[in-house]
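Only one structure is covered here, and it is reproduced in the block below.
The values are calculated or read from the model by the stated rules, or taken from the named source; none is laboratory data. Here the structure is a predicted model, which is why all the values come from computation and not from measurement. Methodologically, a virtual Cβ is constructed for each residue, glycine included, from the backbone with ideal geometry; neighbour enumeration extends over all protein chains shown.
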Amino acid sequence: MEKRCFSDQRRAQRGVSRCLLSLAFAALSSAPLACGQEAPPESMTLEPYHPLADGAWWDYQHADWVERVTLKATDLDGERAFIMTDSPNPKDNMRSDATLVERDGRVLRIFKQEYLVEPNADALLKSSVDYGVGFTRFDESWAHEAVGFKQTPEYERVETPAGGAAKPAEARRHTFEILSLSEQVSTSLGTFDCIKIRRTKDWQAEEEGGDASDAQPKVFWFARGVGKVRELNLDSGKGELLTDYFLPNDLLSDRGSE
């Protein structure tokens, strides 16, 4: 099946090489072994559904605007971490900087700062949120579970308004359910084979604070070596769809197949 090429020729050549390598490995794995021939590795290292790489970015088409999400490497008390920044939402001019880590295959949001970004003005911090053990964004182990599998990780959330005192800690949890392990999602880049996850909240709070979006039931589609491809808000019916992305170095991947 033809693969969509990268805009940069060198990256395109690398993507084709990786594709050929995967096909060659698949053929080798299925072929009978000759006498004295060593068996190939049981499996090649699979690319993550939620890749984390310094300098990576993704563009998502919303109903009337395009959001860019970027990653920048950082350090969190000696732990490898990344700052995920999204472009301001034109509806309220708010953007966020979220600190992410990967622990045992689980991508977690540990800390987030919300900023008001007005034209011709410096970004103004509005609030900071600490997530204790971490708010789950994705768990790579889900790919090894059956459709219908559910998981409900818990965390403690503490919000601090800019210049104010921290609010009381809130115990929160979300339930993640696997809806499909292989669903095709069509985009302007091509078609991606995705795992489909539904996330619903499992708590009651008087106010959602700066994380109102986290309280809404959503469905997510992730593709290996790419990241989030699609998101759908089940309450509003609104969503976002991947239109472009960049993953540097060893995380470069073929884009969707046409």
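So, Arg198, is that one at pLDDT 90 or above, more than 19 Å from Val229 (Cα to Cα) and not in a loop (DSSP other than H, G, I, E, B) or not?
No: the conditions fail for Arg198.
As an exercise: evaluate Ala121 against (1) at pLDDT below 95; (2) closer than 25 Å to Arg224 by Cα and give the number of the one condition it does not meet.
(2)
Quick one: how many residues across the stretch 85-99 are among the small types (Gly, Ala, Ser) and within 16 Å of Asp64 (Cβ to Cβ)?
Residues flagged as among the small types (Gly, Ala, Ser) and within 16 Å of Asp64 (Cβ to Cβ) within the stretch 85-99 amount to 1.
For the stretch 74-90, does any single residue satisfy the condition of being farther than 30 Å from Asn249 by Cβ and of a type in the set (D, E, K, R)?
The answer is no, given that none of the residues of the stretch 74-90 is farther than 30 Å from Asn249 by Cβ and of a type in the set (D, E, K, R).
Kindly indicate whether Val147 is out of contact with any Cys (no Cβ under 9 Å at 6 or more places or on another chain) and under 19 Å from Val69 (Cβ atoms).
No.
Any residue that is closer than 30 Å to Thr45 by Cβ and among the charged types (D, E, K, R) - is there at least one of those in the stretch 110-123?
no
Give the residue, chosen from Thr99, Thr85, that is among the polar types (S, T, N, Q), under 21 Å from Glu154 (Cβ atoms) and modelled with pLDDT of 95 or more.
Thr99
Quick check on my filter: what residues within the stretch 201-238 are crowded, with 17+ Cβ neighbours inside 10 Å, among the small types (Gly, Ala, Ser) and modelled with pLDDT of 90 or more?
Those that are crowded, with 17+ Cβ neighbours inside 10 Å, among the small types (Gly, Ala, Ser) and modelled with pLDDT of 90 or more: Ala223, Gly225, Gly227.
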